[in-house]
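Taken together, the values in this text are just the output of simple stated rules run on the coordinates, not laboratory data. None of the values given here were measured: they were computed from a predicted structure. Heads up, the Cβs are rebuilt from the backbone with ideal geometry, glycines too, and the neighbour counts pull from every protein chain shown.
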Amino acid sequence: MLSVINLVKTYGKQNAVNDISFELQGGEVVGLLGPNGAGKSTTMKCIVGLLRKTSGEITLGGYDHLSVDAKRLFSYIPETPYVYDLLTVYEHMQFVAQAYGVKDWKGQADEYLELFELADKRDKLGRDLSKGMRQKVSICCALLPDPQVLFFDEPMIGLDPKAIKNTKKIFKELKEAGKTILVSTHLIDSVESIADRVMILKNGNIVGNDTISNLKQQFVQEEGTSLEDLFLEMTKDE
Ligand SMILES: Nc1ncnc2c1ncn2[C@@H]1O[C@H](COP(=O)(O)OP(=O)(O)O)[C@@H](O)[C@H]1O
Ligand SMILES: [Mg+2]
C-alpha cells in the first residue's frame, strides 16, 4: 500500500532522513518510534507531500505520492493541529465532507463529535479552541472521508486521558476495518497493543523494523523486558 525507497531529506547540510526504505502492506498498523529529532515528522511530511523530499521514491497504492490518485487514499493528522480560525467545529466537518465528496456525512460527523466530546462545541470557532480540542477536530476531519491509509504524527500529545482512550479505540476499529496506519510516537506503550510491527528511527536511520516480539528476541536477552526498555536500548548513544 505504501512504498518508500531510498528516502533522503536534508535540511541544509544536515540529513534529517538518511536513505531509508520500508513498505506498509494493506491493513498493517505500524508504529514509527524514535526519540525527539529522529526524523519521524520529516518522514511523514515527505510521504504526504508537505515537504519536498531530497531524493527517493514514494508510492501509495501504486501511485506516485504527489498524484491526486494517491492523495485520495490517505488522511494525515499533523503533530501540530491546524484548524481554520473562522470555521466552527461543525463547519470543519462540512468543509471536509464537501471537499472529499463524502455522501451522507452528517450522521458520521455527529458520531465522531460525540465520541470526542465536541458535540457541545460544534458552534465554536476554530480560533477559540484549545490545543486538545484542535487535535480532536483534526482527528475527526481526517476520519470523515473514511480513507484507506492514515498517517498520525504523535496523535496522543495534547489529548486528555479520555481522548487518548477514544483514540486508541478508534485505532482498533480502523484496524478491524482493514485500514493501513502509520503512527509516530515517542510514547511507546501507546502503540504496543495495536501495532503489528514497529520501525525504530534513530538519527534519520531505521535501526529496527520488525514485530515487537521479534525485536525483543533479537536485542534483549533478559526476561520480562518492556517495549520501553527495548526502545531505550536500541536508541541509546554509543
Ligand atoms: N525545518 C527544519 N529546518 C532545519 N532542520 C529541521 C527542520 N525540521 C526538522 N529539522 C531537524 O531534522 C531532524 C528531524 O526532525 P523531526 O523529523 O522533526 O524529528 P521527530 O519528529 O522524530 O522528532 C532534527 O534534527 C531536526 O532538528
Ligand atoms: Mg515529530
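Key figures
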item: Rounded, prolate or oblate (a/c below 1.5 giving rounded, otherwise prolate when a/b exceeds b/c) for the stretch 82-129 by Cα gyration tensor; result: oblate
item: Formal net charge of residues neighbouring G101 (Cβ-Cβ distance under 15 Å; K, R +1; D, E -1); result: +1
item: Restricting the stretch 1-85 to chymotrypsin sites (Phe, Trp or Tyr not before Pro) in coil, as DSSP defines it, with at most 15 other Cβ within 10 Å; result: Y82, Y84
item: Magnitude of the charge dipole, the stretch 168-238, Cβ model with Lys/Arg +1 and Asp/Glu -1, debye to 20; result: 460 debye
item: Environment charge at I77 (Cβ cut-off 10 Å; Lys +1, Arg +1, Asp -1, Glu -1); result: -3
item: Descending semi-axes in Å of the stretch 23-87, equivalent ellipsoid built from Cα gyration tensor; result: 20, 18, 14
item: The chain: most fluctuating residue of K162, K131, K103 per GNM, C-alpha cutoff 10 Å; result: K103
item: Choice from G56, G224, G37 with maximal GNM fluctuation in the chain (Cα, 10 Å cutoff); result: G224
item: Unit charges on C-beta of K, R, D, E only; dipole of the chain, Debye; result: 700 debye
item: Principal axis dimensions, the stretch 106-238 - Cα atoms, whole angstrom, descending; result: 54, 30, 27
item: Projected label distance in nm at K162 and S226, using a 7 Å step from Cα toward the beta-carbon; result: 2.7 nm
item: Percent of Cα-Cα distances greater than 34 Å, calculated over the chain; result: 16 percent
